[in-house]
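Single-structure report; data block below.
No lab work stands behind these numbers, since they all come straight from the coordinates. Note that the structure is predicted; figures quoted are calculated from it, not measured.
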């Protein structure tokens, strides 16, 4: 399957700084377990971690649009954008789909969690529109 036309076409930075010493960077192959822990804790359920793992394994996974937030070399947040294909009368349209956005609950303060989540969302949508 060809990627949707809205995928980024130019090189993206490997990591971006965000407020409060948070680094937001693309997910790396070794990050999956830590991302699962963050998701399960954030939603009090393994269900969301399993959903993100399934999205990662699907053809709609776009590695450049799966981002983690790090504080002190620890993954504390995750968000990804993939795509969903809609079909009607033989016409197909690929639309952006946002995964569950999660930040680790034990992040220093609720205000910092909010900033991390907002930063992840901003960086992900910025990457999607490049």
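Brief remarks follow.
- The stretch 29-92 shape via C-alpha gyration tensor axes, a/c threshold 1.5: prolate
- Full-extension gain in nm, residue 88 to residue 57, via 0.36 nm per residue minus C-alpha separation: 8.6 nm
- Distance from the stretch 80-96 to the stretch 18-72 (C-alpha centre basis), Å: 23 Å
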